[in-house]
Every structure is written in C-alpha cells, then in structure tokens.
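The values are calculated or read from the model by the stated rules, or taken from the named source; none is laboratory data. Because the structure is a prediction, the values reported are computed rather than measured. Don't worry about glycine lacking a Cβ; one is built from the backbone with ideal geometry, like all the others, and counts go over all protein chains shown.
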Amino acid sequence: MVDRDVMERLLGLLEEYLNDLESVRGISLEYYESDKKTRRFVERTLQIAIEACLDMGWHIIADEGLPEAESNREVFSVLAAAGIIEPGIVSNLRDMASFRNLIVHDYGKINDETVYRILTERLGDFRDYARMIVEHLRRQ
C-alpha cells in the first residue's frame, strides 16, 4: 500500500511549484528570454515539479508491486498500463521527464522557446497528473 504521508507531501509540493510557476505565467517570451533570473527560476521550478511527479510514480510502482520502470520516462507508461493515469497524458509526461534530464545534465542548450511553451501551455498536464494520482489514492 502506498504511503499516504509521502504522497500528500509530494502532492503539496507539486501544488506549491505550480502556483509559483503560474505567478510568472503571464510574462512575454521577450521578457523571459532577456531575464536570466526568471529563466533560472522557471527551469529549476519545472525540474522539481517533474521530479515530484516522478517520485509519486516511483512510489506507486514500488508500493503496489507494479512492473518496474526501465527509466524515468517509463514511469508514466507503467502507471498508464496499470490504469492509474490516462494513456492520453503519457506522451506529454514522458517528454517532461526527458526535459528534466536536459535541465539536470545539460545535454545541450536549453531552448528558451520550449521552456516558455511549457510554462504557458503545459502546466495543466501536471494538474491532470496530480488529479489522477489523487483519484487513485481515493480508490484504495
């Protein structure tokens, strides 16, 4: 059984990170590209939001004895296969896991337009994921 305290803590952190990101969501691309502090804030906050999603997924996989994921990207596929999250969101979440690796390991220049697009268009994916996790916890 999933440790509810851990999950509630991670859900709370994710909510905090999303609120922080939404506080700067209205900035223009030009401002985003020109302000180094804002770029670093958004990149780091996206990173830890993605990590909170991954941590929730890894906990569920381990605690419920689901097939082990081969990578962070695969966490979301395992959850979808188990009926915990909707399959339609998996591709976007897998892309987020790849994006997190780019930020953490600096595999190349981070594309400001891509980050800005995530900030302005993809935060709902995090909220959808959190909703699905909460629904799963309620069913237990």
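Of note:
- Counting the residues of the stretch 96-121 that are surrounded by 12 or more Cβ atoms within 10 Å (Cβ to Cβ) and more than 15 Å from residue 48 (Cα to Cα) gives 6.
- Scan of the stretch 62-91 for residues that are part of a loop (DSSP other than H, G, I, E, B) and of a type outside the set (Gly, Ala, Ser), ordered by number: 64, 66, 67, 68, 70, 84, 85, 86
- Any chance residue 54 is modelled with pLDDT of 95 or more, more than 17 Å from residue 74 (Cα to Cα) and among the aliphatic types (A, V, I, L, M): no
- In the stretch 39-95, the qualifying residues are those that are of a type in the set (S, T, N, Q) and surrounded by 16 or more Cβ atoms within 10 Å (Cβ to Cβ), and the one that is farthest from the chain's Cα centre (by Cα) is 77.
- Flag if residue 96 is more than 19 Å from residue 25 (Cβ to Cβ) and touching a residue at least 40 places away in the same chain (Cβ under 8 Å): no
- Residue pairs whose Cβ atoms lie under 9 Å apart, sitting 6 or more positions apart in sequence or on different chains, and linking a residue in the stretch 108-127 that is of a type outside the set (Phe, Trp, Tyr) to a partner that is modelled with pLDDT of 95 or more and in a loop (DSSP other than H, G, I, E, B), are 119/24; 119/25; 119/27; 120/25; 120/26; 120/27; 123/25.
- Filter result for residue 20 (acidic (Asp, Glu) and within 18 Å of residue 116 (Cβ to Cβ)): yes
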